[in-house]
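The values are calculated or read from the model by the stated rules, or taken from the named source; none is laboratory data. Everything numeric here is computed off the predicted structure, so don't read it as measured data. Here the Cβ is made from the backbone with ideal geometry for all residues, glycine too, and neighbour counts use every protein chain on show. For the accessible areas, the whole protein counts, side chains as well, though only heavy atoms, and no ligand, DNA or RNA atoms are used. Shrake-Rupley method; radii C 1.70, N 1.55, O 1.52, S 1.80 Å.
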2 protein chains.
Amino acid sequence: MGVADLGLPVDVPSTALFTDHYELTMLQAALKAGTAERRSVFEVFTRRLPEGRRYGVVAGTGRVLDTVENFRFDAGVLGFLRERGVVDEETLQWLAAYRFGGDVWGYPEGEVYFPGSPVMRVEGSFAECVLLETVILSILNHDSAVAAAASRMASAAGDRPLIEMGARRTHELAAVAAARAAYIGGFATTSDLASGFRYGIPTVGTSAHAFTLLHDGERDAFRAQVDSLGRGTTLLVDTYDVTEAVRLAVEVAGPELGAVRIDSGDLLLIAHRVRQQLDRLGATDTKIIVTSDLDEYAIASLRAAPVDAYGVGTQLVTGSGHPTASMVYKLVARAESADPKAPLVPVAKRSSGGKTSMGGRKWAARRLDEHGVAEAEVIGSGPVPQELVDRQLPVQLIKGGQVVAREPLDVVRDRHAAARAGLPLSATQLSRGEPVIPTEYV
Amino acid sequence: MGVADLGLPVDVPSTALFTDHYELTMLQAALKAGTAERRSVFEVFTRRLPEGRRYGVVAGTGRVLDTVENFRFDAGVLGFLRERGVVDEETLQWLAAYRFGGDVWGYPEGEVYFPGSPVMRVEGSFAECVLLETVILSILNHDSAVAAAASRMASAAGDRPLIEMGARRTHELAAVAAARAAYIGGFATTSDLASGFRYGIPTVGTSAHAFTLLHDGERDAFRAQVDSLGRGTTLLVDTYDVTEAVRLAVEVAGPELGAVRIDSGDLLLIAHRVRQQLDRLGATDTKIIVTSDLDEYAIASLRAAPVDAYGVGTQLVTGSGHPTASMVYKLVARAESADPKAPLVPVAKRSSGGKTSMGGRKWAARRLDEHGVAEAEVIGSGPVPQELVDRQLPVQLIKGGQVVAREPLDVVRDRHAAARAGLPLSATQLSRGEPVIPTEYV
């Protein structure tokens, strides 16, 4: 049974269809011209960070690996391409046998990146590499955008945990990837069950206003919730009057009440009042969770408030103003002929318009100052200077078509925390500024 | 075989996991309290349009219907929920038998909406309706945001066709939904093969800069492309020097060349120059396609340029500054008891903070002026005034759990064009403003 038979609204038979039409027409033309097999190097990078951002966060790498492994043109896909006349029979034959057999290098997932950083490099024949452009960019652009926002929010939140709850504000499967990216960026938990299923991210949640409104008054609702979910649950206290709700909450659950959640109003003021009220009622261990349209600035502004956790939705899944990274996938070198031993020639677009880039296969390293703090992102296409050999960033992810660098999400999350901690302190300033370290081309 | 066995990076075993954790804990608590079966009415609406927007566009309805039909807790999902301890055994039993058996009404897909418009209404037991909150909002919030941007771009483009090419800028499956929403909003074609497969949207594309760079010069590249794809193809002319490329393009393909594409630089200026050059070369029927970081404003500014089609990526799939609609799913009425004949009681959140809303099941109608132009969105919870009975907007989409209003995408697309045409002319002004018609509560 193919996926399509399941009738899900998300059906596609394989990851090979997450591809722009022109990748296949380019393949067809190159096959006919005898250039399709030229050894090629494509690099993924961004010309600039989103305006005012100090650093980017590589996220989606693990999803790219899954996708490349499953990039297959099966009968369903080929039938579609034939019926639509997307490409000719010779090309369809070629696609039927397609398996990516090349190499992929990249910044390890969770690393930070800067303008020009070669966050991923794909090497193989032109034909096998060009097909992966769209899906690799989709994944990295989406996931990195969310992870960057998450990282800023995590910086702002300090030790207080962040709950990802944006599923309802983005495409239902983008939500799953967003929860993953948020976790990498430093979030602790998510509301999204699919991301718990798919990636093992801890899921949390207790109740919405609808639950209170369903019942004949807040007391009934709270009692129903505590009876079922226990005293450690989180009661939502802003359906009617917050002060009365907090009083009722402690009356019903006792001082063992786990937490109260505030989802509207002046959070700074209300959090202070609720804390005082909880303490007066003896519920000194009851936590306060706030969840109303937060972004990194709102989180930072609540630093002085007695808040124990933040739930973030819209602004997280939409990248806090920057819903996509601007990564591109560019051919930077290719062989002079289809001969596998032909030397590589650096190539680059040269016309005006700000879209030029540097040709040639590139190395990248992060230079540190005497205190071990990042000082520059150094990028070059010649030999790597001796003092930077050990500071190189790209690692091999796929070797001859085989994934060689799969890793648990917690490793990625820890790597991000370490990478961010290795940047100059101003990296975590929320105000707009330049990239926190310059990119130097050698 | 479950979807999960296919190893796709997008795997989830059913749409039932596109759900926030708290929907299930609310269900558990309501089951225990005996309130889960209270008849309930949930409405989807937005309190405001994105800043400055004149109207919203309902999109995603068809995907909601697919999703609700496939919302099932199968063994894989139940096993996950049990293992994680999300809910208790009684609740798992209930979920195993879950089929939505209620009614759904909504604005027909493609319709326009305004603040307060009840774009969807879900009726049934609290239990069966509350579970659908997250996924319904995910779909409508994402798809409507993209459709609204598409609609503005289509207005700006007038008769010139728009090509959706944003797949690389958004999550790979959000891209499929985005192409669908763009088509509803007025786009003609897409680059995204998956959306062609899934929704039958026409796909297009020819080549990227990588194709030119692969070859030993532009002449070789153009010849390879024309040899394979024919003279009617679109040649990309801004890899090196545009003037030289246009000359070569016509030399290689002849005046029958289908089109040239310009992807960088001052599009207004270059389009004029290229048009003159093409005409001088006798290629008077060769079209000009522009594709560089366009949004509705850039499209409008090119109205006087000799441009034949626009390709739009980033700004389309990110909703042109508003990547999500702010729709919410609120309990507006519920029965006094679990008795199926118990009367409905209007309910609404009442605390401060701008998140209050109007309780009660609502009707909605669009009042027209004497010229047949929309004049007001009229919403009420009492009887429908006689003069508005025939102008009511919601239609039944699901009846007793059965989808009753599936329709082809072209019908939806036509409906949107008609709905937009029925608004005051100022609806299509791109400048910021108030909603083009007021919402009146009766």
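Observations
- Buried on assembly, the range B:162-194 (at least 30 Å² less accessible surface than by itself, 1.4 Å probe): B:Arg168, B:Arg169, B:His171, B:Glu172, B:Leu173, B:Ser191, B:Leu193, B:Ala194
- Between B and A, roughly 9500 Å² of accessible area is buried in total, ligands, DNA and RNA not counted and the probe set to 1.4 Å.
- Surface share of carbon and sulfur [accessible, 1.4 angstrom probe, percent] for the range A:153-321: 48
- In terms of the mean number of neighbouring beta-carbon atoms within 10 Å, the peptides A:140-148, B:20-28, B:265-273 order highest first as A:140-148, B:20-28, B:265-273.
- For chain B, a Gaussian network of Cα nodes joined below 10 Å ranks B:Gln386, B:Gln277, B:Gln225 by mean-square fluctuation, and the top entry is B:Gln386.
- Among beta bridges identified by DSSP and lying wholly in the protein assembly as shown, the antiparallel ones come to about 65 percent.
- Relative contact order (percent, whole number), the range A:41-175, Cα cutoff 8 Å, 6+ residue spacing: 37
- Label positions at B:Arg72 and B:Arg219, each projected 7 Å from the Cα along the C-beta direction, are separated by 6.2 nm.
- A straight chain from B:Glu434 to B:Arg99 at 0.36 nm per residue would run longer than the Cα-Cα distance by 116.5 nm.
- Under 12 Å, Cβ to Cβ, from B:Phe126 - net charge with Lys/Arg +1 and Asp/Glu -1: -2
- Heavy-atom accessible area, 1.4 Å probe, ligands and nucleic acids excluded: residues of the range A:50-67 down by at least 40 Å² from chain alone: A:Arg63
- Electrostatic tally near B:Arg420: other residues with Cβ closer than 15 Å to its Cβ, Lys and Arg +1, Asp and Glu -1, net 0.
- A:Lys362 exposes around 10 Å² of accessible area when a 1.4 Å probe is run over every protein chain in place.
- Bridge type composition, chain A - antiparallel percent by DSSP, nearest 5: 65
- Couplings for the range B:332-341, taken from phi via the Karplus curve 6.51 cos²θ - 1.76 cosθ + 1.60 with θ = phi - 60°, read 10, 7, 7, 6, 6, 8, 6, 4, x, 9 Hz in order; Gly and Pro are left as x.
- Taking the range B:323-442 and dividing mean pair separation by its residue count, relative contact order in percent (alpha carbons under 8 Å, at least six apart): 21
- Binning the C-alpha pair distances of the range B:23-103 at 10 Å intervals from 0 yields a P(r) profile of 14, 35, 29, 16, 6 %, listed from the shortest bin outward.
- Contact order for chain A, expressed relative to its length and based on alpha carbon pairs under 8 Å spaced 6+ residues apart, stands at 23 percent.
- Against chain B, whose longest principal axis comes from its Cα atoms, helix B:21-33 is set at around 20 degrees.
- Phi to ³J(HN,Hα) by Karplus 6.51 cos²θ - 1.76 cosθ + 1.60 over the range A:47-55, Hz, x for Gly, Pro: 6, 8, 7, x, 3, x, 6, 8, 7
- Across peptide B:137-144, the average count of Cβ atoms from other chains found within 10 Å of a residue's Cβ is 5.
- Folded to 0 to 90 degrees: helix B:172-185 orientation relative to chain B principal axis, Cα: 80
- Equivalent ellipsoid, the range B:181-310 (semi-axes from 5 times Cα gyration tensor eigenvalues, Å): 24, 19, 13
- Taking 7 Å steps out from each Cα toward its Cβ at B:Ser381 and B:Val404 produces label points 2.4 nm apart.
- With the helix formula -39500 (n - 2.57) applied to DSSP H stretches of n ≥ 4, the protein assembly as shown reaches a computed 222 nm mean residue ellipticity of -10500 deg cm²/dmol.
- Peptide A:77-90, shielding by other chains (average Cβ, 10 Å cutoff): 2
- Amide H contacts under 5 Å for A:Leu236: A:Arg261, restricted to partners 5 or more places along the chain or on a different chain, H placed in the peptide plane at 1.01 Å from N.
- With Rh defined as the Kirkwood radius, the inverse of the mean 1/r over Cα pairs, the Rg/Rh of the protein assembly as shown is 0.98.
- Other protein chain Cβ atoms within 10 Å, averaged over every residue that makes up A:197-209: 6
- Within-13-Å neighbourhood charge of A:Arg152 [Cβ basis; K, R +1; D, E -1]: +2
- Each other copy holds its own label point for A:Ser337; taking that point as 7 Å from Cα along Cα to Cβ, the gaps run 9.1 nm, nearest first.
- Among A:Val389, A:Val332, A:Val237: highest mean-square fluctuation, GNM of chain A, C-alpha pairs under 10 Å: A:Val389
- By the rule of a C-alpha distance below 30 Å, with chain neighbours fewer than 8 residues away ignored, the lysines paired with B:Lys399 are B:Lys32, B:Lys330, B:Lys341, B:Lys349, B:Lys362.
- Taking every protein chain into account, the accessible area of the protein assembly as shown amounts to 34 square angstrom per residue (probe 1.4 Å).
- Rounded Å value of the spacing that divides the Cα centres of the range A:204-260 and the range A:392-442: 42
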